[in-house]
Structures are given as C-alpha cells and as structure tokens.
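This report refers to the structure that appears directly beneath it.
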C-alpha cells in the first residue's frame, strides 16, 4: 500500500512536467464559461462575474490547487432594434501542481458576436487571445531517478536539467455557440426552456510548453463540446437542468455528464420586485472513468454560490481513498431591467 501510494504520487508529479500538457478542468464547467467556450461571453446575461477555487488529491500528494476568475459583458445592451449582441470578456486562471509547484498562469481576452435570428434563437462566434506563463520549483521535486527499487531516496542526485524555471507563451482559439430560449424568460413563472450547445477549439497555435532541454512538448489543441439546458416542469416548483461536456486534448478524453434539479423556494415579486427569486440546485454528475460528483447550488436573484465534490472511482482509489477534490464557485449576474432571466446551471 505504501509503495503504491509512493508510485502514484511520483507518477502524478512527473506527469505534470514530462507528460503532454493538459488544461485545467472544473466539475462545475458551466461556472467557468470562458474555459468552456469563448463564445459564451455575453451569451446569457448583460454582465457576468465568476470566481472559482478547486483543490484535489490532498489524500495522495501535495494538493493540486486551481483558482480562476472571469468577467464578460455586452457592449450594445441598451441598443434597440439590434441585429446582434457584441460582447467581450477577460478570463484568468492559475494552477499549482504537486511538490514542484508547477505553476501555470493564463490571462485571455475574449470577443464574441451573437447573431439574433429571431426571438428564440441566437448563433454566436467567439475568439480569444491569451498570454500564459509557466514556472517550476525543481528543488522540491521527487524524480523517477530517485526511486531505488524499493522506495523514494532523497539522497540520490536526480540529474535533471532545465532550460529555465519559467517561460511564457502566446495562445489563441475560437468557438461557436447556439442558444435557444423559449417563453418570456421570467423565472417567477417557472416557464424556462433553454438550450445552449457549443463547439470550441483552444490552443490552435500549439505553443511550446516544455521545461526540459531539447523537449518538443507543446500545448496541444483542445476540442471542447457541450450541451446544457433548463427544462421547467409545468405546474410545479421544479426544473430539470441537464448537461453533457466533452473535452479532447491529444490522447486525453474527458466526458462529464449529469443533471441537477432546481427547486424554486421563492418566485419573487412579479410587479414590485420587492421579493427576490430564490432557488436551490441539487445535482449528480459523473466524469467517465474518474469520479462521481454530487453538486449543490444556492441562487438568490443575481448571486449564485456553488459547491461540488469529486468522489474518486478510478484506479487511483486505493491511494486516494475515493477522495478526489472539492470545488467552490461564486457568480454574480446583472439582469436587464432587474428582471431575472433563465440561466444555465
């Protein structure tokens, strides 16, 4: 058991350096929209601000910690008789992995246009450009060359050579988004019928991404596809909120799918706006071959707080004890004219 845990820890740490690069990911993907599809800027609200925090593998190694934040807004929200929505956004994340504290920081600027086809349908295109930086603290590393056949031996000189402990890169990508919204969109009437579906391509320029001398490591293109929605249940206080998310990056595949149930605690005041709509979300998702994820969200008018926990079910279970990671999110959405529109959860 001890040897298994040591080998697992070393594999995870070394994989973050030698293995091909993979993007950060969240169990509440819709709460990190610009990491999901750049066309989501301005898609569902005039202005949205989100903060995310995720920590994982505390039971196996030094925790992997990720923080992210995004802000997006529409530029022509107050314009009448417009044929489309012009929006922009900024997205930030910082990820720290393992004992080496392999740090990845990325800041992107997004631009999106959503063509208004009719009262229910929009088609959006989004692009982004980003600046990234990667750093490592090699002094704290545990290397495969320091495994003596029985256990990790810190007295063995690893002999690892790095060009630099830090480097930067430029990044770019694009995405398409389709949105369908039926009805007046008033949550107070529980008549939301919403579908979002998108396809995006990240890192289309495949920037260089390696610390090791003579390394050909690249940040490979990531393909992101998703569909989610809100389906209100008539004559009730409930709504179904399904979602499926797919990511592919070189040989890595991630499929996340599941459903939440939204319960309306308070519908809010339809005329005065004195009482604010309040909702609870209970969900269960599955990341194929990796984790079962219970999720919880509380929404009060324009403010949403979310929590998710990964229950690990992969081959790492013996080392992790099924403890994968926890995730928190905080979201603020500005609504047009104070009326709460249907939003994806």
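The values are calculated or read from the model by the stated rules, or taken from the named source; none is laboratory data. These numbers come from a predicted model, not from an experiment. Every residue, glycine among them, receives a Cβ derived from its backbone with ideal geometry; neighbour counts consider all protein chains shown.
Of all the listed residues (222, 274), the sole one being out of contact with any helix residue (DSSP H, G or I) (no Cβ under 6 Å at 6 or more places or on another chain) and either modelled with pLDDT under 95 or farther than 22 Å from residue 178 by Cα (or both) is 274.
Looking only at residues in the stretch 48-57 that are modelled with pLDDT of 95 or more and surrounded by fewer than 22 Cβ atoms within 10 Å (Cβ to Cβ), which one is nearest to residue 24 (Cα to Cα)? Within the stretch 48-57, the match that is nearest to residue 24 (Cα to Cα) is 53.
I'd like to know if the stretch 305-323 contains one or more residues that are closer than 25 Å to residue 179 by Cβ, crowded, with 21+ Cβ neighbours inside 10 Å and at pLDDT 95 or above. Yes, there is a match, as at least one residue in the stretch 305-323 is closer than 25 Å to residue 179 by Cβ, crowded, with 21+ Cβ neighbours inside 10 Å and at pLDDT 95 or above. Checked against (1) modelled with pLDDT of 95 or more; (2) part of a loop (DSSP other than H, G, I, E, B), residue 285 meets all criteria but (2). Looking across 3, 39, 45, 69, one residue alone is under 27 Å from residue 308 (Cβ atoms) and either at pLDDT below 85 or surrounded by fewer than 20 Cβ atoms within 10 Å (Cβ to Cβ) (or both). It is 69. For the stretch 122-137, the candidate set comprises residues that are outside any loop (DSSP other than H, G, I, E, B) and without any contact (Cβ under 8 Å) to a residue 60 or more places away in the chain; within that set, the residue that is surrounded by the most Cβ atoms within 10 Å (Cβ to Cβ) is 130.
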